[in-house]
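Inspection log for the structure reproduced underneath, given as C-alpha cells.
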Number of protein chains: 2
Amino acid sequence: MKRFQVAILGFGTVGSGVYRILTENHGDLKHRESLDLTVARILVRDFTNEPNLHLAPRQLFTTCFDDIAQDENISIVVECMGGVEPARSFILRALESGKTVVTSNKEVMSKHWYEFETAAKKTGAGLYLEATVGGGIPILRTITDSMQANNISRVMGIINGTTNFILTKMSEEGKDFAEVLAQAQQLGYAEANPTADVEGYDAMYKLSILSSMAFHAHMPIDVIYREGITKLTRADFETAKLLGYEIKLLAIGKKEGNRIEVRVHPTMLKTTHPLASVRGVFNAVFLTGHAVDDIMLYGRGAGCMPTASAVVSDVIYACHAHGRHRYMTFENIPGMSDQVELVRDFRCIYCVRLKVTDQPGTMAAIADVFARHGVSLKDVLQLGEADGCSSHITFMTYEAQEFAVQAALRDISALPCVRAIESVIRAEN
Amino acid sequence: MKRFQVAILGFGTVGSGVYRILTENHGDLKHRESLDLTVARILVRDFTNEPNLHLAPRQLFTTCFDDIAQDENISIVVECMGGVEPARSFILRALESGKTVVTSNKEVMSKHWYEFETAAKKTGAGLYLEATVGGGIPILRTITDSMQANNISRVMGIINGTTNFILTKMSEEGKDFAEVLAQAQQLGYAEANPTADVEGYDAMYKLSILSSMAFHAHMPIDVIYREGITKLTRADFETAKLLGYEIKLLAIGKKEGNRIEVRVHPTMLKTTHPLASVRGVFNAVFLTGHAVDDIMLYGRGAGCMPTASAVVSDVIYACHAHGRHRYMTFENIPGMSDQVELVRDFRCIYCVRLKVTDQPGTMAAIADVFARHGVSLKDVLQLGEADGCSSHITFMTYEAQEFAVQAALRDISALPCVRAIESVIRAEN
C-alpha cells in the first residue's frame, strides 16, 4: 500500500469535489488501486468569504501556501483556483520543490504550460491537466495513452458548455441571444460577467491545450483565431435550419504535414453530424488519427463532480507513475528542427447572408465579386422582404481561402445594391 | 531510449496492422515516446496459406512458438490469432516466462482471463487487452485510467459492428434480415459462418470483459443473458418506427450495490438516444459513473488499423509501466468476502407484438393476464389486418420483471384469441 498526501489549492466547485471524492472513496481506492490517499491541506484565500469551509475539518485549512510548499509529506498539489495569479506562482513553486501538480486551470496552463513543463522536468515532478479540457471526459488521456501510434490530423469539438447551452436554446426555442444569456445566468450556467465564455476565450484556452497535445506542437493562445457567439441572431438559426444545419461554437485544430491551423468560431454543421446533436451543457470532441480514424468522446464538460473525477483520475495516475512522469514533446519549441507553420489563411466553407436592394443585376454583381476572388458558390437562397424592394440572399460557398473571402466581402459591402452584410458563419463537414 | 523487442502471434488483419504501425511509426515513437520498438518475430500457422507473408521480411516469420518463448530478448508478445487454442497455451507460456502479453482476442480473454491474470501476477508480467472491446475506441483504458474514482453503475453499448451494419440497413432500407446478411457477407462485414456475430456471441465475449472491468467483478460468459438478431423482422422495425424507436443489439451491464445484471439482446431505444444514431459498422459505449455521470465513446469497433492502433497503444503503455504492471481486482473470486449477486430476473421495458383474432374481449383478456403477473402497460397500438378478422396488437410495458413477463407470455399464448406471439423486444431508456 503506497501512501500519498495531497494538498488542494482553492476550495470552490472543483476543489471541494476533489476533497469529497478522495474522502468518500478512500476505502475503494485503497482496495482497488492499492493507494492510501489523504488530503493533508486545503489552501483558501481567507476564512471569511469561503462558502465551503463546513465541508472539511477546520484544521485542514490554511491561507498560507508556505504551509504546503514546506511540508515534505505532501507530494501532490491539486490546483483548482482558476486564473493566472497566484495559481502560476504556486504551481511553479510546487514543481520546483519536486511536488507533482494536478490542475483544472485551463487559463494558466494555456498561458504558462512551457514554463511549467520546464520546471517539472528539472525536478522530475509530474504535471497533469486532464481536467482542463472537457471536464470529466478523458480527452487528453485518450491522446497520450490510447492514440500514441496515431498521427492526429484533426481535433474538433464543443468544449464550452455555457455557449452550447445558449446555442441549444436559441436553436430549439427560437430565442435571441440576450434573452437566453439572462436565463443561463439565472440557472448558474453563465457567469455574471460572461465574456470568457461567450467571446470564446474559455474555448480558446482549452483548444490551445488540446491542439498542443494532439499535434505535439506548442499552440499558444495568440495563434488561435477566435470569434464568440454574441453576434448570432435568431435569423442566423432560421437560415441554418432552412439549409439543414445547426450552429455550434466549435474549437477546431487541423494538421497537414507541418501546417497547423487552430480556430474557435460559430460553425454550421449538417444536422446529421454527430456533434450537431450534442445539446445543452454537454461537451464532445472528435479526434481523427491516421490509424484509428474518427473517435468521438462525449460527456459533461464541467460541473463539480465530473471535473473533480478527472482531477482525481490524474492524482491516481500520477501515483502509479512511480516517480517516472512523462513530459510533452513540443516539436516547435526553440532547438527543435521540425518547425511548424501556423496557417492563418485557412480553408473553410462560408455562409454569407446579405441584405440587398431588389433590382436587376444584384445577384450578378455579387456573384461576380466572389468569382473575382476565386470563391465558388455552392448554394444560393434568396428570400424577398415584405416591403417588396429588398431581399435577403444567403450564399454557401465551396471550400475557400479565409483571406479571399474577407477580401470579397470588403468589395461586396461597397456595392451599391448591398445594404448590409448581415452575417458570415463558417461551416465544417 | 528504452529498447523492446516484440513478437506477433498471428499475421491476419490485426497482426499485420500492428506490424505496419510499429514499422511505419518507428521514428515517431522513438522521438515522442522515447521507445525503440522492433518486431523481432512473427508466428504463423504455416508458410503455404498465409496471404500476408509479403508484408514483412521473410526471416521474421516462424511457425514454431518456441522460437519466441525461448528468445529472452523478446519481452512483449502480441497475440492476434483469435479463438481459444492454441492462443490460450501460447499466452500462458508467454506470461509464465515473464513476457508481457497484449491481445486482441476477446474469446480467449472472456474464457480464461482469471487463469491468465493469475499466471501474470506470479511472474510480474503485464496483461493488456484494450483491443478486445470496441476496436480502436479506448473503452477499457477509460475505465482503468480515467474513471478510477467512480463507482460505475452501468455500461451500455453497441459493440458488434457486423450486427449494427445489418440492423442499420434493415432500419433504413426496410429490408429483411437474410437479404442484408448476404449483402454484409459480400462486403466482408460478415463471415461466411455468421453465427458468432448474429447470435450475439461476439458481443457476449466483449461484455464479459467490459463488465468485469467496470464492476471489478469477474463476469464469466455463462452468466450473460444472450439473444441474437436473427429473429428480427421487417415488421419489428416498422412497429418500432411507429412508436419512435430504433432497434440495436445492445450489450448491457448494470450494478446496484452488489447486484449485477449482464445481457446482450436486441433493444429498442428512443430515436433521440445518442446510441440510436450510431450507424453502420461504428461502435459506441455509454459508461455511467457516480462522479462523472454519463460518458460516451464512439468510433470504429473493428478493422485492421483501428484495432491495431489499440494493440500498439497497449504495447507502448506496457513499455512505460517500467515492469510494474497493475492487475484487475475481481471482487467475486474465491477468497473475496464481497460476494456479487448475479441478477437473472432483471427489470426491463418490453415491447410485445401479438397476432390476435378480432373479437370482443380480446384486449381485455390479454390485459388481464399482464395485470395478474404484475406487468403494467404503458402504450398499446392496435392495427387491423386486411382480412378484417385479425389484428396486430403491440404492448409497451412499464419496467417489469423478466420472469413475470415470461410467465405472462406463456399464459397469453394459451389464450384462444391469440394466434401468435410475433415478437418480444426489450427496451432501454
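Among the acidic types (Asp, Glu) and at pLDDT 95 or above: does that describe A:ASP28? Against the criterion (among the acidic types (Asp, Glu) and at pLDDT 95 or above), A:ASP28 does not qualify.
The number of residues in segment A:228-257 being surrounded by 14 or more Cβ atoms within 10 Å (Cβ to Cβ) and within 21 Å of the chain's Cα centre (by Cα) comes to 14.
Take the conditions (1) modelled with pLDDT of 95 or more; (2) within 14 Å of chain A (Cβ to nearest Cβ); B:GLN5 misses just one of them, which is (2).
Suppose we keep only residues that are more than 8 Å from every other protein chain (Cβ to nearest Cβ) and either touching a residue at least 12 places away in the same chain (Cβ under 8 Å) or not acidic (Asp, Glu) (or both) within segment A:23-33. Which one would you say is nearest to A:LEU55 (Cα to Cα)?
Taking segment A:23-33 as the starting set, the residues that turn out to be more than 8 Å from every other protein chain (Cβ to nearest Cβ) are A:23-24, A:26-27, A:30.
Of the ones still in play, those that are also either touching a residue at least 12 places away in the same chain (Cβ under 8 Å) or not acidic (Asp, Glu) (or both) are A:23, A:26-27, A:30.
Working: A:THR23: 11, A:HIS26: 16, A:GLY27: 19, A:LYS30: 22 Å.
Ranking the candidates gives A:THR23 first.
Just one of the numbered conditions (1) in contact with an Asp or Glu (Cβ under 7 Å, 6 or more places away or on another chain); (2) of a type in the set (Val, Ile, Thr); (3) under 24 Å from B:THR38 (Cα atoms) is not true of B:VAL84: (3). Filtered by the rule that a residue be out of contact with any His (no Cβ under 9 Å at 6 or more places or on another chain) and either assigned to a loop (DSSP other than H, G, I, E, B) or among the aliphatic types (A, V, I, L, M) (or both), segment A:191-207 gives A:GLU191, A:ALA192, A:ASN193, A:PRO194, A:ALA196, A:VAL198, A:GLU199, A:ALA203, A:MET204, A:LEU207. Here B:VAL223 passes the criteria (1) of a type in the set (A, V, I, L, M); (2) more than 16 Å from B:GLY161 (Cα to Cα); (3) crowded, with 21+ Cβ neighbours inside 10 Å except the one numbered (3).
Taking first residues from segment B:220-243 that are without any contact (Cβ under 8 Å) to a residue 60 or more places away in the chain and over 11 Å from B:SER423 (Cα atoms) and partners that are aromatic (Phe, Trp, Tyr) and assigned to a helix (DSSP H, G or I), the Cβ contacts under 7 Å between residues at least 6 apart in sequence or on separate chains come to B:THR230/B:PHE177.
Here B:THR272 fulfils each of the conditions (1) in a strand (DSSP E or B); (2) at pLDDT below 95 apart from (1). In segment B:288-301, the qualifying residues are those that are in contact (Cβ under 8 Å) with a residue 24 or more places away in the chain and surrounded by fewer than 22 Cβ atoms within 10 Å (Cβ to Cβ), and the one that is farthest from the other protein chains (Cβ to nearest Cβ) is B:THR288.
Of the residues making up segment A:140-155, those that are surrounded by fewer than 24 Cβ atoms within 10 Å (Cβ to Cβ) and either away from chain B (no Cβ under 13 Å) or farther than 21 Å from B:TYR298 by Cβ (or both) are A:SER153, A:ARG154.
When residues in segment A:85-116 are screened for being under 21 Å from A:GLY134 (Cβ atoms) and of a type outside the set (S, T, N, Q), 12 of them pass. Determine, yes or no, whether A:LEU53 is in contact with a helix residue (DSSP H, G or I) (Cβ under 8 Å, 6 or more places away or on another chain) and over 24 Å from B:GLY289 (Cβ atoms). Answer is no for this residue. The listed residues are A:GLY323, A:GLY374, and the only one of them that is assigned to a loop (DSSP other than H, G, I, E, B) and under 30 Å from B:ARG324 (Cβ atoms) turns out to be A:GLY323.
How many residues are outside any loop (DSSP other than H, G, I, E, B) and surrounded by fewer than 21 Cβ atoms within 10 Å (Cβ to Cβ) when one looks only at segment B:181-190?
Of all residues in segment B:181-190, those outside any loop (DSSP other than H, G, I, E, B) come to B:181-186.
Narrowing the set further to residues that are surrounded by fewer than 21 Cβ atoms within 10 Å (Cβ to Cβ) leaves B:182-183, B:185-186.
Result for segment B:181-190: 4.
Can you list the strands (runs of 3 or more DSSP E) lying wholly within segment A:1-87 that have 3 or more residues being among the charged types (D, E, K, R) and surrounded by 13 or more Cβ atoms within 10 Å (Cβ to Cβ)? Counting at least 3 such residues, we get no strands (runs of 3 or more DSSP E) at all. The residue list B:GLU79, B:GLU107, B:GLU96, B:GLU72 contains one member that is over 30 Å from A:LEU22 (Cβ atoms) and without any contact (Cβ under 8 Å) to a residue 12 or more places away in the chain, which is B:GLU72.
This table checks each residue for (1) within 19 Å of A:LYS241 (Cα to Cα); (2) assigned to a strand (DSSP E or B); (3) of a type in the set (Lys, Arg).
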site	(1), (2), (3)
A:GLY134	no, no, no
A:ARG141	no, no, yes
A:ASP145	no, no, no
A:SER153	no, yes, no
A:THR162	no, no, no
A:LEU167	yes, no, no
A:MET170	yes, no, no
A:LYS175	yes, no, yes
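Annotation: of all residues in segment B:377-408 being without any contact (Cβ under 8 Å) to a residue 40 or more places away in the chain, of a type in the set (A, V, I, L, M, F, W, C) and part of a strand (DSSP E or B), the one that is farthest from B:TYR225 (Cα to Cα) is B:LEU383. A count restricted to segment B:180-230 and to residues that are farther than 10 Å from B:VAL262 by Cβ and hydroxyl-bearing (Ser, Thr, Tyr) stands at 5. Answer yes or no as to whether B:ILE137 is within 14 Å of chain A (Cβ to nearest Cβ), in contact with a strand residue (DSSP E or B) (Cβ under 6 Å, 6 or more places away or on another chain) and buried (at least 24 other Cβ atoms within 10 Å of the Cβ). Spelling it out, B:ILE137 is indeed within 14 Å of chain A (Cβ to nearest Cβ), in contact with a strand residue (DSSP E or B) (Cβ under 6 Å, 6 or more places away or on another chain) and buried (at least 24 other Cβ atoms within 10 Å of the Cβ).
For segment B:208-237, which positions are over 18 Å from B:ARG426 (Cβ atoms) and assigned to a helix (DSSP H, G or I)? Spell out the reasoning first.
Restricting attention to segment B:208-237, the residues satisfying the condition of being over 18 Å from B:ARG426 (Cβ atoms) are B:208-210, B:212-222, B:234.
Passing the criteria: B:SER208, B:ILE209, B:LEU210, B:SER212, B:MET213, B:ALA214, B:PHE215, B:ILE221, B:ASP222, B:ARG234.
Scanning segment B:110-123 for residues that are within 15 Å of B:ARG326 (Cβ to Cβ) and in contact (Cβ under 8 Å) with a residue 40 or more places away in the chain yields B:TRP113, B:GLU117, B:ALA120, B:LYS121.
Just one of the numbered conditions (1) of a type outside the set (S, T, N, Q); (2) on the phi > 0 side of the Ramachandran plot; (3) without any contact (Cβ under 8 Å) to a residue 40 or more places away in the chain is not true of B:ALA182: (2). Residues in segment B:305-323 that are modelled with pLDDT of 90 or more and either facing chain A (nearest Cβ under 8 Å) or more than 24 Å from B:SER212 (Cα to Cα) (or both): B:MET305, B:PRO306, B:ALA308, B:SER309, B:ALA310, B:VAL312, B:SER313, B:ILE316, B:TYR317, B:CYS319, B:HIS320.
Could you tell me whether segment A:13-25 includes any residue that is of a type in the set (A, V, I, L, M, F, W, C) and more than 30 Å from B:PHE330 (Cα to Cα)? First the steps, then the outcome.
Step one: list which residues in segment A:13-25 are of a type in the set (A, V, I, L, M, F, W, C), which gives A:14, A:18, A:21-22.
Subsequent filtering for residues that are more than 30 Å from B:PHE330 (Cα to Cα) retains A:14.
The answer is yes; a qualifying residue exists.
The set of residues from segment B:370-424 being surrounded by 16 or more Cβ atoms within 10 Å (Cβ to Cβ) and of a type in the set (Ser, Thr, Tyr) comprises B:SER390, B:SER391, B:THR394, B:THR397, B:SER423.
Go through segment A:258-272 and give me each residue that's under 19 Å from the mean Cα position of the chain (by Cα) and either under 22 Å from B:SER277 (Cα atoms) or within 14 Å of another protein chain (Cβ to nearest Cβ) (or both).
From segment A:258-272, those under 19 Å from the mean Cα position of the chain (by Cα) are A:260-269; that's our starting set.
Result: A:THR267, A:MET268, A:LEU269.
The values are calculated or read from the model by the stated rules, or taken from the named source; none is laboratory data. Please read these numbers as outputs of a predicted model, since none were measured by experiment. Note: ideal-geometry Cβ built from the backbone for every residue, glycine included; neighbour counts use all protein chains shown.
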